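Asks: Would you mind keeping the following structure in view while I ask a few things?
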Amino acid sequence: MDTAVVGTSSVAGGAGGAWGGALLGASIGSVFPGPGTIIGGIVGGVIGGVAGGWGGQQVSQRAVDSIRGENETIMAPGPLGAAHGPAGDQL
């Protein structure tokens with residue numbers, strides 16, 4: 001399940017980054033109209049896609065790790081009293 005969440009976030013971040021990078025690259029490349037716009041869009045799209053994919057993966061991995069850590073704190077393994085904090089009503 002975790003891999004699906006991280007993978008989906010990476011793909012979504014990459015797609016958004018690619019569009020944004022292509023737009024920015026084409027804008028900068030328009031200094032040299034025509035070929036500059038095309039080359040800038042391609043280079044910007046590639047760089048934006050890679051950066052967005054990496055960013056999406058990092059954000060989702062941190063979220064998954066945080067949730068996993070909270071679950072381990074709530075459901076601490078071991079004998080009663082081994083938990084580091086209150087884990088509900090223990091008899």
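Asks: Could you calculate the contour length gain from Val59 to Val5, that is, 0.36 nm times the residue separation minus the distance between their Cα atoms, to one decimal place in nm?
Replies: 18.4 nm
Asks: Rounded to the nearest percent, how much of the accessible area of region 1-50 (1.4 Å probe, protein heavy atoms only) is carbon and sulfur?
Replies: Using a 1.4 Å probe with all protein chains present, region 1-50 comes out at 84 percent carbon and sulfur.
Asks: Ranked highest first by average number of other Cβ atoms within 10 Å, how do 29-37, 57-65 line up?
Replies: Peptide ranking by packing, descending: 57-65, 29-37.
The values are calculated or read from the model by the stated rules, or taken from the named source; none is laboratory data. Note that the coordinates shown come from a computational prediction; the quantities given were computed from them, not determined experimentally. Here Cβ is always computed from backbone atoms with ideal geometry, including for glycine, and neighbour counts include all displayed protein chains. Keep in mind that these areas ignore ligands, DNA and RNA; they rest on the heavy atoms of the full protein, side chains included. Shrake-Rupley method; radii C 1.70, N 1.55, O 1.52, S 1.80 Å.
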